[in-house]
Structure formats: C-alpha cells, structure tokens
Amino acid sequence: MPQLTFQKYLVLAGITVFSTAGDSLLARGMKDLAGISLHHPSGLLLAVLNPWVTAGILLLLAFFVCYMSALSWADLTYVLPATSLAYVLVALIGHFQLHEVISPTRWLGIALIAAGVGFVAAGPSVTPSRQPRDTDRDTLSPEVRS
Amino acid sequence: MNEVHAWAAIGLIILASTTGDVLLSYSMKRVGDVTDLWRQRGLLAVAARVLATPTFALGLMAMAVAFYSLLFGLSWGNLSLVVPASASLTFVANAVAARIFLHERVGRRRWIAALLVAGGVVLMAL
C-alpha cells in the first residue's frame, strides 16, 4: 500500500479547511445580499463584488485544486469522507468560537462522521484495479487488530 | 406537489453530483499523480494536462448541473430536507458508482464508512 506522505495529508486537510472556510465566507457574504431571487439572476453577478463572496470563491477554488490533486493519487471513496469532515469542523467552530449550542443528535452525527472517516483513513488510500497489488487485499479481509 | 418537486430536485442533485465526481476522479486518475508531475514538469504542465482531458470538462458540467439543481431544490423544498437528503444519499451513490465505473475496491471498511458518514450528515441536519 502506498504510504501517504505528509504533503498529501496536508492536501486532504486543505480539502476540509478550504471548503469549510469558503462556505462560511460565502454564507456571510450572502447575508449582506439577502433578497436575491431567481427571477433577477443579475443580482448573482453583482454578488461577486461583495468582498466576503470574493474571498469565499477564492477559498472554494483552493478547495477544488486540493480536491482534484487528491483524486489524482487517491480513490474517490477515500477522498469523499475527508470532505465530510467539513461538516464536523463547521459545528465545532460554531460551538467553540461562536458558543452555539450543539444538540445531542448533532453530537451523535459528528461522532458518526468522525468514525466513518477513521474507518476509511485506516485502510489503503488507493485500490488500483488495473495494477492489482496483494497489499490492497487488506480492505476486504477483516482486520486482525488488537 | 412541492414535495414531489423537492424530491425530483434531490434525485437530480444526486445523479448529477455522482456523475460529476466519477468523471472528475476518472480524469484525474488518467492525468496521474499531480505531485510527481508538478515536480518533474511544473505547474503549467499539470494545468494543461488536466484541461486537455475531455472528461474533466464533462465532470465540471455535471457539477454545475448539480449546483443549479440544488438552487432550484432549495426554492421548492426546505433547506432541512434538501441538503441532508441529497448530501447523505450522494455518499452512498458515490460508493456504488465508484465500484461500478471506477473499479475501486469498496471493501467492508468503505461501505461502513459511507453509511456512517451518510447517517452522520442526516443527524447533523436535524
């Protein structure tokens, strides 16, 4: 199994951080522009002029670059759970920075997502079908752990 | 009636974003490891190679369709229905599609992960 380098873990972290930050900035910017309707699409063009929206779009571009980079060396089913960590990050930022109350159901949701990401991250990052390797088999066999 | 529209939009979002993810993943696998390519040929070579891959443009178009379906879905249905339903089902649909079209080995580990994440997304949106 190809071991992920530190640099590649940084790219995976970039997916989570940039998408979270980008979405938050976009949401913040759209609040300034409340009332854009689908009937006046020109409003969407003007939205780009809002500094929050501009910053959000730049960060989402950074997210996309990280995402594409990750997909060039890891499976889609490996990278996608990493993107879901963004939901967890948003909730934790809300809780610790903005002192939002997180309900027990949401904590359970956070735990499930984190567990899912852990499950995938502990396995191989890429399972190429074209050049099968013996070591890839450990995705299928039940783990002999602890 | 709005309910039907909302679910139609959710179905379209799932279909389009799964198609997009599979096409983008397929394109990037054809481009190859970009970190190696970057080191050897430079950033411009990476960009040129990605943009020259026809499936990449198709993938982007599918993502755009998914994005606009989400906008329309939000105008018909509740935020609390459309977002979690489409996000969580997309995780499961992607696992199925990656196995069929990308021949990824979606082992027990990844099935469990897809289901856990999908369930977690629903709970977080409640």
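The values are calculated or read from the model by the stated rules, or taken from the named source; none is laboratory data. Keep in mind the model is a prediction, meaning the values are calculated, not measured. Positions of Cβ are generated from backbone atoms using ideal geometry, with glycine treated the same way; all protein chains shown enter the neighbour counts.
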Scanning the range B:88-107 residue by residue, those free of Cβ contacts under 8 Å to residues at least 12 places away in the same chain and within 7 Å of chain A (Cβ to nearest Cβ) turn out to be B:His103, B:Glu104, B:Arg105, B:Val106, B:Gly107
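Might you let me know whether the range B:102-114 holds any residue that is among the aliphatic types (A, V, I, L, M), surrounded by 17 or more Cβ atoms within 10 Å (Cβ to Cβ) and in a helix (DSSP H, G or I)? Before you say what the answer is, go through the steps one by one.
Looking only at the range B:102-114, we keep the residues that are among the aliphatic types (A, V, I, L, M), and these are B:102, B:106, B:112-114.
Filter once more, so that each one left must be surrounded by 17 or more Cβ atoms within 10 Å (Cβ to Cβ): B:102, B:106, B:113-114.
Among the residues that remain, those that are also in a helix (DSSP H, G or I) are: B:113-114.
Looking through the range B:102-114, at least one residue is among the aliphatic types (A, V, I, L, M), surrounded by 17 or more Cβ atoms within 10 Å (Cβ to Cβ) and in a helix (DSSP H, G or I).
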*Please work out if B:Ala47 is assigned to a helix (DSSP H, G or I) and within 21 Å of B:Val122 (Cα to Cα).*
no
Does A:Val65 qualify as being more than 12 Å from the chain's Cα centre (by Cα), at pLDDT 90 or above and surrounded by fewer than 23 Cβ atoms within 10 Å (Cβ to Cβ)? yes
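Only residues that are assigned to a helix (DSSP H, G or I) and either charged (D, E, K, R) or more than 8 Å from chain A (Cβ to nearest Cβ) (or both): list them for the range B:75-86, please. Please lay out each step first, then the result.
Taking the range B:75-86 and keeping what is assigned to a helix (DSSP H, G or I), we get B:75-76, B:79-86.
Correct list: B:Trp76, B:Leu79, B:Ser80, B:Leu81, B:Val82, B:Val83, B:Pro84, B:Ala85, B:Ser86.
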- Query: Among the residues of the range B:17-27, is any among the hydroxyl-bearing types (Ser, Thr, Tyr), out of contact with any His (no Cβ under 9 Å at 6 or more places or on another chain) and surrounded by fewer than 17 Cβ atoms within 10 Å (Cβ to Cβ)?
  - Reply: no
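Within the range A:99-111, work out how many residues are surrounded by fewer than 22 Cβ atoms within 10 Å (Cβ to Cβ) and either more than 7 Å from chain B (Cβ to nearest Cβ) or within 16 Å of the chain's Cα centre (by Cα) (or both).
Let us first name the residues in the range A:99-111 that are surrounded by fewer than 22 Cβ atoms within 10 Å (Cβ to Cβ), namely A:99-108, A:110-111.
If we keep only those that are either more than 7 Å from chain B (Cβ to nearest Cβ) or within 16 Å of the chain's Cα centre (by Cα) (or both) as well, we get A:99-104, A:107, A:110-111.
Result for the range A:99-111: 9.
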